[in-house]
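Here is the structure we will look at, set down as structure tokens.
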Amino acid sequence: MLARLRIADDEVADTVDKLTRIVEFVDRLSQAATGDVVPMAHPLNASQRLRPDLVTEPDRRDELQQNAPAVSDGLYLVPRVIE
Amino acid sequence: MSAAWEVIIGLEIHAQLATASKIFSGASTAYGSEPNTQACLIDLGYPGVLPVLNREAVRMACKFGLAVNATVARRSVFARKNYFYPDLPKGYQISQYELPIVEHGELFITDGGEANGEPRRIGITRAHLEEDAGKSIHSIHEGLDRFSGIDLNRAGTPLLEIVSEPDLRSAREAVAYMRKIHSIVRYLGISDGNMQEGSFRCDANVSVRPRGQRELGTRTELKNLNSFRFVEKAINFEIERQIDVLEDGGDIVQETRLYDSDRNQTRPMRSKEEANDYRYFPDPDLLPVVIDDAYVEAVRATLPELPDAKRERFVAEYRLRNEDAGILTMSLALADYFEAATAAAAAKPGLVANWVIGELSAALNRDGIDIEASRVPPAGLAALVDRIADSTISGKIAKEVFDAMWAGEGSADQIIEAKGLRQITDAAELEGVVDAVIAQNPSQAAEYRAGKDKLIGYFVGQVMKATGGKANPAQVNALLKNKLTGGELSDGGGS
């Protein structure tokens, strides 16, 4: 996609300079010692709450299927899928 | 199979966890309900909904990890596995990728035929939690041929995907490993293991390489192996197919193949995706799952006696043959039945084991019923076995009594009395029958006396027939030998 950016002639020198600095910054990042750092899986420093194993959701099929373009025999219909 | 080729197999087993509700929603997981009546907003992937993890699913995964001597991760992460298919409404499956809850486990198989009965260690790479997809139905009824129907009741059902190392070396080993996993999840009570209902499914990665070669051959993945028998047949077919292709100078294409049980062959389904095709990334809707040592130890305290330990105990405590102990401990219910029957019987445990493994299991198989629903309860079988042990009836008559018990005709003692099946213990009565049989068969008696020893079997048969099977075969044998050799040459074998 970068190759498709239109850059006016008088901006080329400045852009080259900026892009070069970005590449240098990425190079610097890759030098950081991250061996002991656990990969971040989530921005919040918290852990997953668990719920008890209880059935709490009633059957709402008729209501929910009103949103579907096509249903039959209780099934949601989709264009035929060939295995 | 050619000895020039080495077979490499790894299995991915999906065990449906026996929770009441789904892994990320409060919809029911009950099997066999009307389509889409157990698919809530979360299962349907509506915008704005958030998954909340089921505590039981985590506990069950942890329990499995401990049972296979694995590392239970104190921190595990859910990831999105992206792919497009109508039975996956969100467009991604919530699974675990880089940080699964269970890693580095192992189990031992003894009946795979590769190590002369010595236990073989099979590594378990990982076991991770994930949600199941829905079900597509391709022929709903006439007039709807242009459509597939989607039932999302199964969507969101918790699965534990158990991935083995490529340590298996034959179809038989693969089946032995799969049976072991099946047995463990059932012992732990974390899955019902019902293969007909799809609660326990298996995919197999199969490759072959010239014996002695280090690098692995190209593998294919076999899908849809929903019985132990199909696993063995499909893998054996695939091994032969790959060897044929390679010996003809061809190459194996890495692909997913579907097993067709009607034709006993595998056929290509689709080219195999690589992991990066799925664009895995940590699911921002779910935080890392963190568990501590106290939690793990509390789960460890709930572990039951596992199949291997029970097998060893059965050998030591009941003096059973290792092989019989293996069969009895394959299922917890069968092991419990045996122990209850043995406790109720005066007879030796070995005799009880023979009856549980033999007649009882055959009757259960024939009628397709589970041991829990056995028509003969443990105490009933114990009473029958005791009548053999105290020589009231022979083993052969006992089978007749068992069949009558199975048919609901009463207890062993009631049936023995009602049908007059008690063994003839009166020596004089038996002698009379033996004399009559010898008298009726003069030419055979002469041949026996001339040295044709094998005819003893014929005479025993005739006596058993004449007594309706009620004679003690050992006693008859001794008596016949004595009488046929004229009595005066008795070698002391008379009883």
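The values are calculated or read from the model by the stated rules, or taken from the named source; none is laboratory data. The structure displayed is predicted, hence computed values, not measured ones. In this analysis, Cβ positions are derived from the backbone assuming ideal geometry, glycine residues included, and neighbour counts consider all displayed protein chains. For accessibility, only protein heavy atoms count, side chains too; no ligands or nucleic acids. Shrake-Rupley method; radii C 1.70, N 1.55, O 1.52, S 1.80 Å.
Points worth noting:
- The set of residues in the stretch B:81-102 being more than 10 Å from chain A (Cβ to nearest Cβ), of a type outside the set (G, A, S) and under 12 Å from B:L129 (Cα atoms) consists of B:Q93, B:I94, B:Q96, B:Y97, B:P100, B:I101, B:V102.
- Residue that is nearest to B:L152 (Cα to Cα), among those in the stretch B:83-116 that are in contact with a helix residue (DSSP H, G or I) (Cβ under 7 Å, 6 or more places away or on another chain) and open to solvent by less than 20 Å² (accessible area, probe 1.4 Å): B:I101
- Whichever residue in the stretch B:42-55 is facing chain A (nearest Cβ under 10 Å) and touching a residue at least 40 places away in the same chain (Cβ under 8 Å) and, among such residues, is most open to solvent (accessible area, probe 1.4 Å): B:I42
- Residues in the stretch B:258-277 that are open to solvent by less than 40 Å² (accessible area, probe 1.4 Å) and either more than 23 Å from B:L216 (Cβ to Cβ) or at pLDDT 90 or above (or both): B:D260 only.
- A:L64 vs. criteria out of contact with any His (no Cβ under 7 Å at 6 or more places or on another chain) and open to solvent by less than 60 Å² (accessible area, probe 1.4 Å): yes
- Selection status of B:E339, exposed (fewer than 15 other Cβ atoms within 10 Å of the Cβ) and modelled with pLDDT of 95 or more: no
- Filter result for B:S148 (more than 14 Å from chain A (Cβ to nearest Cβ) and among the hydroxyl-bearing types (S, T, Y)): no
- The stretch B:273-304, residues that are under 16 Å from A:N45 (Cα atoms) and away from chain A (no Cβ under 14 Å): none
- Taking every residue in the stretch B:9-32 that is modelled with pLDDT under 95 and pairing it with any residue that is in a loop (DSSP other than H, G, I, E, B), at least 6 positions away or on another chain, the pairs with Cβ-Cβ distances below 6 Å are B:Y31/B:E197.
Let's see how each residue does on (1) touching a strand residue (DSSP E or B) at 6+ places or on another chain (Cβ under 8 Å); (2) within 29 Å of B:V352 (Cα to Cα):
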position	(1), (2)
B:S394	yes, yes
B:E400	no, yes
B:I415	no, yes
B:R449	no, no
B:I456	no, no
B:K470	yes, yes
B:L480	no, no
B:K483	no, no
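- Out of A:V78, A:V38, A:V55, sole residue that is open to solvent by 80 Å² or more (accessible area, probe 1.4 Å), in contact with a strand residue (DSSP E or B) (Cβ under 9 Å, 6 or more places away or on another chain) and either outside any helix (DSSP H, G or I) or within 14 Å of chain B (Cβ to nearest Cβ) (or both): A:V38
- Single residue of B:V463, B:V476, B:V401 found to be out of contact with any Phe, Trp or Tyr (no Cβ under 9 Å at 6 or more places or on another chain), crowded, with 20+ Cβ neighbours inside 10 Å, farther than 30 Å from B:A340 by Cα and not polar (S, T, N, Q): B:V463
- Unique match (being more than 7 Å from every other protein chain (Cβ to nearest Cβ), closer than 25 Å to B:V185 by Cα and out of contact with any strand residue (DSSP E or B) (no Cβ under 7 Å at 6 or more places or on another chain)) among B:A61, B:A30, B:A39, B:A70: B:A30
- Test: residue in the stretch B:158-181 that is within 14 Å of chain A (Cβ to nearest Cβ) and open to solvent by less than 10 Å² (accessible area, probe 1.4 Å): yes
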